[in-house]
Amino acid sequence: MNINIFGSTGIIGKKTLKLIDTNFPNLKVNLICAKSNYKLLKKQIYKYKPKYAFLFDEKKAFSSIKKINKTRILNFKELLSYLLSSKSNFSILAISGYKSLYYLDHIIKNTDNLGIVSKEAIVSAGHIFKKKKYFNKTNIFPIDSEHYSLFEYFNKINNKNSIKKIIITASGGPFYKKNFKTLSNITFKEAINHPKWKMGYKNSIDSATLVNKCLELVEAHYLFEIPYNKMKVLIHPEAIVHSAIEFDNYVTHFNLFKNDMKIPIINFLLLSEFKQKHMNNNLFIKNYENLNFSNVKNTVFPIYKLFKNLDKEKPQNLIKFNVGNEFAVNLFKNKLIKYTDIYNIIQKVTSLNLYSPVNTIKDIINYHEEIEIKLQNFKIRNN
């Protein structure tokens, strides 16, 4: 059996490769893809000896990575052609941002089992997942901890009729006790210092602002057909309960496991084998005597209120929210705006009067690019 990893140099990609190396000797690393980290990609090629490799920054790829072992370095056109003409048993899509959409149609046609971490892809394209019968073409396995916990539950009990409410938990990030208005001088380093999870900078910032939970509500809506009015977010700093399900009979089911992304990843990889793997990741309840839950406060997370008031029946609004956030996070990373300006930019972007068709993946990519053109002008006016 083989696996393709899109985003091999990121947190999820590195964890996946390490788990394959230590636990799954029969799972062959076939293809690894990265955005721009050619130094790490080079090391991964030496270590895992994939058949193919791809670097989105093609100039760096062909100037810095010569043929290593028997690995063939693909350009973008060759990558897409290869995906359409071949078949893989497993793929992991762990590319941050909407550019993961460039690969989505081709990956769906190529693979039997897709472990998906790129929530932006589902947020932007979830409305056409069913239209294009993605769920029929491949087994989609969510690897985000919250959606993995729901996925596990629904796989065992396929009855959603008695569900009253789905709760997705949020650790609250590093600032969950502080008023948002007091955070204007927060540095990038402070904002990515997540108290529970080790993530890339984009997910860490999204956790601090609670944008990640807004995107995860959209993801849950599309993956599990849950109406928005049946979902809510609770702040849970211990990050042990990943989701909860309230039933009509007043019973609530908690989905708990240790806050370690290796757990959803290894359960995805276990689809390749029937024997159980062992990790020292058991959750000992006695170590967590106090579990805290609280409602989301608008004064702490105003972006959540903005999201709740958004007309989510229009996919374009979700895409604008998604792209506006991605744009703002990059400005903050490059010290061009303050942390609190992230909210202001998302608010302005979601109010843009842009409603082009979004009926195909190509439409969606074009719509993203249309918004980005508007944002470049927006950036110039605000500097």
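Restricting 181, 177, 130 to residues that are open to solvent by 60 Å² or more (accessible area, probe 1.4 Å), at pLDDT below 90 and basic (Lys, Arg) narrows the list to 130.
Residue-wise test of (1) outside any helix (DSSP H, G or I); (2) surrounded by 14 or more Cβ atoms within 10 Å (Cβ to Cβ); (3) at pLDDT 95 or above; (4) touching a strand residue (DSSP E or B) at 6+ places or on another chain (Cβ under 8 Å).
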site	(1), (2), (3), (4)
29	yes, yes, yes, yes
32	yes, yes, yes, yes
43	no, no, no, no
54	yes, yes, no, yes
59	no, no, no, no
63	no, no, no, no
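The single residue among 308, 262 that is at pLDDT below 90, on the phi < 0 side of the Ramachandran plot and basic (Lys, Arg) turns out to be 262.
Only one residue in 69, 161, 155 is more than 18 Å from the chain's Cα centre (by Cα) and more than 30 Å from residue 233 (Cα to Cα). Which one?
On the way: 161 fails: more than 30 Å from residue 233 (Cα to Cα); 155 fails: more than 30 Å from residue 233 (Cα to Cα).
Just a single option satisfies the conditions, and that option is 69.
Among the residues of the range 105-115, is any modelled with pLDDT of 90 or more, more than 25 Å from residue 5 (Cα to Cα), in contact with a helix residue (DSSP H, G or I) (Cβ under 7 Å, 6 or more places away or on another chain) and among the hydrophobic types (A, V, I, L, M, F, W, C)? No, because not a single residue in the range 105-115 is modelled with pLDDT of 90 or more, more than 25 Å from residue 5 (Cα to Cα), in contact with a helix residue (DSSP H, G or I) (Cβ under 7 Å, 6 or more places away or on another chain) and among the hydrophobic types (A, V, I, L, M, F, W, C). Meeting the requirement of 1 or more residues that are in contact with an Asp or Glu (Cβ under 9 Å, 6 or more places away or on another chain) and open to solvent by 30 Å² or more (accessible area, probe 1.4 Å), the strands (runs of 3 or more DSSP E) wholly within the range 71-121 are 72-74, 88-93. Hey, can you tell me all the residues within the range 301-310 that are hydrophobic (A, V, I, L, M, F, W, C) and buried (at least 19 other Cβ atoms within 10 Å of the Cβ)? Listed by number, the residues that qualify are 301, 303, 307.
Yes or no, residue by residue, for (1) out of contact with any helix residue (DSSP H, G or I) (no Cβ under 7 Å at 6 or more places or on another chain); (2) at pLDDT 90 or above; (3) not β-branched (Val, Ile, Thr):
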position	(1), (2), (3)
219	no, yes, yes
225	yes, no, yes
235	yes, yes, no
244	yes, yes, yes
266	no, yes, no
274	yes, no, yes
280	yes, no, yes
289	yes, no, yes
300	no, yes, no
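Pairing each residue of the range 350-368 that is free of Cβ contacts under 8 Å to residues at least 12 places away in the same chain with any residue that is small (Gly, Ala, Ser), provided the two are 6+ apart or on different chains, yields C-beta distances under 8 Å for 363/356; 366/356. Suppose we keep only residues that are without any contact (Cβ under 8 Å) to a residue 60 or more places away in the chain and part of a loop (DSSP other than H, G, I, E, B) within the range 188-214. Which one would you say is least open to solvent (accessible area, probe 1.4 Å)? Taking the candidates together, the pick is 194. If the condition is being under 17 Å from residue 263 (Cβ atoms) and open to solvent by 50 Å² or more (accessible area, probe 1.4 Å), then the range 153-174 contributes 155, 156. In the range 133-152, the residue that is most open to solvent (accessible area, probe 1.4 Å) out of those that are outside any helix (DSSP H, G or I) and in contact (Cβ under 8 Å) with a residue 12 or more places away in the chain is 139.
Select, from 40, 17, 31, the only residue that is among the aliphatic types (A, V, I, L, M) and within 24 Å of residue 85 (Cα to Cα). Of the residues listed, the single one that is among the aliphatic types (A, V, I, L, M) and within 24 Å of residue 85 (Cα to Cα) is 31.
Determine if the range 140-148 includes at least one residue that is of a type in the set (S, T, N, Q) and under 20 Å from the mean Cα position of the chain (by Cα). Yes, that holds for at least one residue.
For the range 320-340, the set of residues classified as free of Cβ contacts under 8 Å to residues at least 24 places away in the same chain, outside any loop (DSSP other than H, G, I, E, B) and open to solvent by 50 Å² or more (accessible area, probe 1.4 Å) consists of 330 only. Residues in the range 215-261 that are among the hydroxyl-bearing types (Ser, Thr, Tyr), crowded, with 17+ Cβ neighbours inside 10 Å and part of a helix (DSSP H, G or I): 222 only.
The values are calculated or read from the model by the stated rules, or taken from the named source; none is laboratory data. Every value quoted in this text rests on a predicted model; they were computed, and no experiment measured them. Here the Cβ is made from the backbone with ideal geometry for all residues, glycine too, and neighbour counts use every protein chain on show. Surface areas here come from the heavy atoms of the whole protein model, side chains and all, with no ligands, DNA or RNA. Shrake-Rupley method; radii C 1.70, N 1.55, O 1.52, S 1.80 Å.
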